[in-house]
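Asks: Input: one structure, supplied below.
The values are calculated or read from the model by the stated rules, or taken from the named source; none is laboratory data. This one's a predicted model, so the numbers in the text were calculated from it and none came from an experiment. Note that each Cβ is placed from the backbone with ideal geometry, even for glycine, and that neighbours are counted across all protein chains shown.
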Amino acid sequence: MLTWIAGFILLIVKLGIVLGCMLFLAAYLVWAERKLLARLQVRYGPNRAGKFGLLQPIADSIKMITKEDIVPEAADRIIFLVAPAVVATTALLMFAVVPFGSSLKIWGREIPLVISDLNVGLLYVFALSSLGVYGVALGGWASNSKFALLGGIRGAAQMISYELSLGLSLIPIVMLAQSFSLVDIVQAQANYPFIFVQPISFAIFFISAVAESKRIPFDLPEAENELGAGFHMEYSGMRFGLFFIGEYVHIQVLGALAAVFFLGGWRGPWLPPPVWLLLKIILVALVMIWIRGTLPRLRYDQLMELGWKVLVPAALINIVITGAFILI
């Protein structure tokens, strides 16, 4: 009984630490993005709230919390209120299987640095990623606005399309690691990161990840010049903020998955394992921000053609080639 209680307390502590770190990092990724985009566009960015604008995320959070939460009269109230929580919750839950290290020894006991090492961890990630589509689609539909509905339909089609290429890009990694467990996949990279033997998989994964997170050049569900603000245009206050918390946590999730599957996970010299994983997550997020400040938005037909006619066939060919090499 005492062992069960101790395990439950440890689980709650792990959840609290991961949740706090992810929300903190999400807030400051917004600050970093605004600063970097400002530099790319030859302006200052946020610089009023605190030194270098470092208190801007706190100011934004207070503004979102204190803003009036408006529900349009013709909206489907229950679905309208729930949709933002679906987006944020599914993104946060994905971190349950991300390993931050092998283990930590405290008071003579080995504590694994992962909330839950599922033997089907990769399938768990894809299941939650599929549920995230519902938040976008239902948010657009429940608003009872033609522009929000178009954004929701675009978002659902885009996320489903690129989820296929994202999943196919990781099959060679599972073949090499011979496991769906994220911990086992990192352990399989003890000698070298998989990016050296699967660069095509990494390229497909990264492009699909940018499209999954609806970032420029794939931000068609939010295209301001066409849809006003897309699927979340009728939202205000903290519900509007939840969509963006979900987006920036999703960026962290995709950065963590890129690190786990291709960059050796927590492995690295000198620094503690969680620090290495965090640095790799930040590196992937910064590259996404750089792409946002550099590339123009694709047309919708170009977006779909890239997913179905380029990435999916390339991923399938890569699976066949990888299988042939493993057999040889």
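Asks: Test residue 82 against the stated conditions and say whether it is over 30 Å from residue 274 (Cα atoms) and outside any helix (DSSP H, G or I).
Replies: On the way: over 30 Å from residue 274 (Cα atoms): yes; outside any helix (DSSP H, G or I): no.
Criteria not met by residue 82.
Asks: Please work out if residue 23 is within 20 Å of residue 288 (Cβ to Cβ) and either at pLDDT 80 or above or touching a His at 6+ places or on another chain (Cβ under 7 Å) (or both).
Replies: Details: within 20 Å of residue 288 (Cβ to Cβ): yes; either at pLDDT 80 or above or touching a His at 6+ places or on another chain (Cβ under 7 Å) (or both): yes.
It is true that residue 23 is within 20 Å of residue 288 (Cβ to Cβ) and either at pLDDT 80 or above or touching a His at 6+ places or on another chain (Cβ under 7 Å) (or both).
Asks: Looking at (1) among the aromatic types (Phe, Trp, Tyr); (2) modelled with pLDDT of 85 or more; (3) out of contact with any Lys or Arg (no Cβ under 9 Å at 6 or more places or on another chain), which is the only condition residue 44 fails?
Replies: Of the numbered conditions (1) among the aromatic types (Phe, Trp, Tyr); (2) modelled with pLDDT of 85 or more; (3) out of contact with any Lys or Arg (no Cβ under 9 Å at 6 or more places or on another chain), the odd one out for residue 44 is (3).
Asks: For the range 279-317, give me each residue that is in a helix (DSSP H, G or I), of a type in the set (Lys, Arg) and touching a helix residue (DSSP H, G or I) at 6+ places or on another chain (Cβ under 8 Å). Show your work before the answer.
Replies: Within the range 279-317, the subset in a helix (DSSP H, G or I) is 279-292, 300-317.
In the following step, the residues that additionally are of a type in the set (Lys, Arg) were identified as 280, 292, 309.
Once the filter is applied, which keeps residues that are in a helix (DSSP H, G or I), of a type in the set (Lys, Arg) and touching a helix residue (DSSP H, G or I) at 6+ places or on another chain (Cβ under 8 Å), the range 279-317 yields 280, 292.
Asks: Still on this structure, I have one more. Restricting to the range 288-328, what's the tally of residues that are within 29 Å of residue 175 (Cβ to Cβ) and without any contact (Cβ under 8 Å) to a residue 12 or more places away in the chain?
Replies: 11
Asks: Additional query: Mind checking whether some residue in the range 247-264 is part of a loop (DSSP other than H, G, I, E, B) and not aliphatic (A, V, I, L, M)?
Replies: yes
Asks: For the range 220-244, how many residues meet the condition of being in a helix (DSSP H, G or I), modelled with pLDDT of 75 or more, crowded, with 17+ Cβ neighbours inside 10 Å and of a type in the set (A, V, I, L, M, F, W, C)?
Replies: Total satisfying the criteria: 6.
Asks: For residue 19, indicate whether it is under 28 Å from residue 242 (Cβ atoms) and not in a loop (DSSP other than H, G, I, E, B).
Replies: Yes, satisfied.
Asks: Take the conditions at negative phi, loosely packed, with under 15 Cβ neighbours inside 10 Å and either in contact with a Ser or Thr (Cβ under 6 Å, 6 or more places away or on another chain) or of a type in the set (S, T, N, Q) (or both) and apply them to residue 56. Does it pass? Full working, then the answer.
Replies: On the way: at negative phi: yes; loosely packed, with under 15 Cβ neighbours inside 10 Å: no; either in contact with a Ser or Thr (Cβ under 6 Å, 6 or more places away or on another chain) or of a type in the set (S, T, N, Q) (or both): yes.
Against the criterion (at negative phi, loosely packed, with under 15 Cβ neighbours inside 10 Å and either in contact with a Ser or Thr (Cβ under 6 Å, 6 or more places away or on another chain) or of a type in the set (S, T, N, Q) (or both)), residue 56 does not qualify.
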